[in-house]
Amino acid sequence: MSENGKVLFTRRISGGKNRNYFFDVRVSEKNGSQYLVLSESRMADGNWANSRILIFPDRLEEWKQTFEEALQNLVPSG
């Protein structure tokens with residue numbers, strides 16, 4: 001699927017000097033369906049490299065549950 005859909009929501013989280021994360025909710029221009037895009041932009045060899053994960057509504061609950069489980073098992077630093 002192309003990521004040329006209209007952006008309904010976006011938030012950026014800074015991951016330091018050379019890394020940013022984005023949470024975007026988009027709507028497909030083709031069929032009007034919404035989806036979530038998780039993106040990472042990082043500086044690599046003097047250029048920005050991007051990685052993306054597209055999450056569609058029919059898989060959202062599974063992603064949410066797994067994310068919550070991972071957070072519960074994350075050991076806080078400090």
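Values in this text are rule-based calculations from the coordinates and carry no lab data. Note that the coordinates shown come from a computational prediction; the quantities given were computed from them, not determined experimentally. Counting neighbours? That spans all protein chains shown, and the Cβs are built from the backbone with ideal geometry, glycine included.
Relative to the compact globular guide of 2.2 N^0.38 Å, what is the alpha carbon radius of gyration of the chain, as a ratio?
My calculation over the Cα atoms of the chain gives 1.28.
Does a label point 7 Å from the Cα of residue 70, set along Cα-to-beta-carbon, have any residues of the stretch 39-60 with amide nitrogen under 19 Å, and which are they?
39-42, 50-60
What percent does the relative contact order of the stretch 6-72 come to when contacts are Cα pairs within less than 8 Å and at least six residues apart?
On the way: 103 pairs, mean separation 14.5, N = 67.
Once normalised by length, the contact order is 22 percent.
Pick from 24, 58, 45: which residue has the top mean-square fluctuation in a GNM of the chain where Cα pairs under 10 Å get a spring?
Comparing 24, 58, 45 in the GNM, the peak value goes to 45.
Tell me, in nm to one decimal, what length is gained between residue 34 and residue 7 on full extension, where the rule is 0.36 nm per residue of separation less the Cα-Cα distance? Display every interim value, and only then the final one.
Working: separation 27, 0.36 × 27 = 9.72 nm, distance 0.96 nm.
Fully extending the segment from residue 34 to residue 7 adds 8.8 nm.
What FRET efficiency comes out for the pair residue 77/residue 56, r = Cβ-Cβ distance, R0 = 30 Å, nearest 0.05? Intermediate results must be reported in sequence, preceding the final value.
Details: r = 33 Å, r/R0 = 1.10.
Plugging the Cβ-Cβ distance into 1/(1 + (r/R0)^6) gives 0.35.
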